[in-house]
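Here is the structure we will look at.
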Amino acid sequence: MAYFPEITSPIQFEGKGSRNPLAFKYYEANRKIGSKTMAEHLRFAVCYWHTFRGVGSDPFGIGTMDRSWAAAPDPLQRAKDTMDAAFEFFTKLGVDLWCFHDTDISPEGNDLTEYAKNLDEIVAYAEEKQREHNVKLLWGTANLFSNPRYQAGASTNPDPHVFATAATQVKHALEATHRLGGAGYVFWGGREGYDTLWNTKMQQEREQFAALLHMAVAHKKKIGFDGPFYIEPKPKEPTKHQYDSDVAACLNFLREFDLMEHLKLNIETNHATLAGHSMQHELRSAREAGALGSIDANTGDELIGWDTDQFPTNLYLTTQIMLEVLAMGGFTTGGLNFDAKVRRQSHESVDLFYAHIGGMDAFARGLEIAHTIVEDGRLDRFVEERYSGWNGDLGQKILARTATLDECEAFALANGEPTRKSGRQEFLENLINEFM
Ligand code: XLS
Ligand code: NI
Ligand code: NI
């Protein structure tokens, strides 16, 4: 049975002149950009939660989505139908990576024993599907925020019993990820924060979170999983303050608790903007710390104050993202995961295709533009030139931290007032526009 009958063959590249809304205009999987194909550069992944489990509910209304795969009354059957739909979707779209939470793919059951049994059965099913469709797992994760038991957090809960339950889920989700050959594993601290400090031991909660991560590192070694762990920053929502509020807070946390060598970051655009940063800022902060791992590719609406998780279509955004990705030498285990959901009014399943095709084209175009900017070299040369004074003796001594205040004074007195140089922001913005 086909869950997407309106898509009769895989989505094709038809080029910029095409008027077919179900074709790629820019994304040509096998076209080389520099030394790699577009597919190798971009490493697109489809997320399971929004795409196959999202119902379109919001705080004011129930779900709206027409989802033919969600009809079977038996939860395990429904999970398998959903997985069939997912793999049909991956294949028709031409994306060979996916991401999931344990509870997206498998019913939780009535207790942890049932949870583990169901997950085993569904992971076996997924293993088959991956083989059959030649699809791989970008990353897996555990949902430690939906179940009411996590109302006060998972690893940061005031009750160690809840911690142990969360740890059990992490263990199983990690093993499931390993079994499915996942390239990485994500920790998004769903409710790891607080609603009010009146009832919260903040530092202890942060220590608890670090303890869970250390346990997971030990377990990863034990089972032989060698993919990286990623931590995903988000400032708020569902709690009013999440401990992993932005890249800087995550890096501080990882350094404070000796986790830097074990975790990289999975950075999401809408979380960056909720934190009051641009995505470019967040990626740059992580990249320059050697901690940029993977990307949740979406976008927010600046006029709506929550995590709207929309599909990315803005070429400035995708160009900035791809410039950072190119600057780090490309993805290794990471990729571009569409952690994005179609709008509540886009309730037909074909809308899932429009959404992903648009996101993929926006990134393909962003990649082309970013590559051209790098090849052109004017932007890089401008920045190099702007800092060229630092190549001199004084600059080198300051950076090596061997210069003293006395030496600086001697230099400043000998050389008089520094000459001001324009930062040329408008010039550079125009330069970028040449490539758009
Ligand atoms: C929610 C997060 C979540 C993570 C995975 O805001 O983005 O979807 O990516 O738990
Ligand atoms: Ni995300
Ligand atoms: Ni989000």
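Descriptive notes on the structure:
- Given (1) touching a residue at least 24 places away in the same chain (Cβ under 8 Å); (2) away from ligand 1 (no atom under 16 Å from the Cβ); (3) not in a loop (DSSP other than H, G, I, E, B), index of the condition residue 113 fails: (1)
- Taking the numbered list (1) open to solvent by 30 Å² or more (accessible area, probe 1.4 Å); (2) assigned to a helix (DSSP H, G or I); (3) over 30 Å from residue 59 (Cα atoms) in turn, residue 253 passes all entries but (1).
- Contact map, segment 214-238: first residue more than 23 Å from residue 295 (Cα to Cα), second residue open to solvent by 10 Å² or more (accessible area, probe 1.4 Å) and in a strand (DSSP E or B), Cβ cut-off under 9 Å, separation 6 or more or different chains; the map is empty.
- Exactly one residue among 40, 28 is in a helix (DSSP H, G or I) and open to solvent by 30 Å² or more (accessible area, probe 1.4 Å), and that residue is 40.
- Qualifying residue in segment 73-91 (condition: touching a Gly at 6+ places or on another chain (Cβ under 7 Å), touching a residue at least 24 places away in the same chain (Cβ under 8 Å) and not aliphatic (A, V, I, L, M)): no
- Enumeration of residues in segment 305-342 that are among the polar types (S, T, N, Q), away from ligand 1 (no atom under 15 Å from the Cβ) and buried (at least 16 other Cβ atoms within 10 Å of the Cβ): 318, 319, 320, 333
- In segment 160-205, the residues that are open to solvent by less than 30 Å² (accessible area, probe 1.4 Å), within 16 Å of ligand 2 (Cβ to nearest atom) and charged (D, E, K, R): 192
- Test: residue in segment 281-300 that is part of a loop (DSSP other than H, G, I, E, B), at pLDDT 95 or above, under 19 Å from residue 26 (Cβ atoms) and away from ligand 2 (no atom under 16 Å from the Cβ): no
- All conditions but one from (1) within 21 Å of the chain's Cα centre (by Cα); (2) over 20 Å from residue 132 (Cα atoms) apply to residue 72; the one that does not is (1).
- Pairing each residue of segment 283-304 that is open to solvent by less than 10 Å² (accessible area, probe 1.4 Å) and more than 16 Å from ligand 1 (Cβ to nearest atom) with any residue that is modelled with pLDDT of 95 or more and not aromatic (Phe, Trp, Tyr), provided the two are 6+ apart or on different chains, yields C-beta distances under 7 Å for 291/251; 291/264; 291/265.
- Residues (surrounded by 22 or more Cβ atoms within 10 Å (Cβ to Cβ) and away from ligand 3 (no atom under 16 Å from the Cβ)) located in segment 139-159: 140, 142, 150, 153, 154, 155, 156, 157
- For segment 343-436, the helices (runs of 4 or more DSSP H) that sit wholly inside it and include 2 or more residues that are more than 30 Å from the chain's Cα centre (by Cα) and exposed (fewer than 13 other Cβ atoms within 10 Å of the Cβ) are 378-386, 393-399, 405-415, 425-435.
The values are calculated or read from the model by the stated rules, or taken from the named source; none is laboratory data. What you see is a predicted model, and the numbers here were worked out from it, not measured in a lab. As a convention, Cβ positions derive from the backbone with ideal geometry for all residues, glycine included, and neighbour counts pool all protein chains shown. Heavy atoms of the whole protein, side chains included, go into the accessibility calculation; ligands, DNA and RNA do not. Shrake-Rupley method; radii C 1.70, N 1.55, O 1.52, S 1.80 Å.
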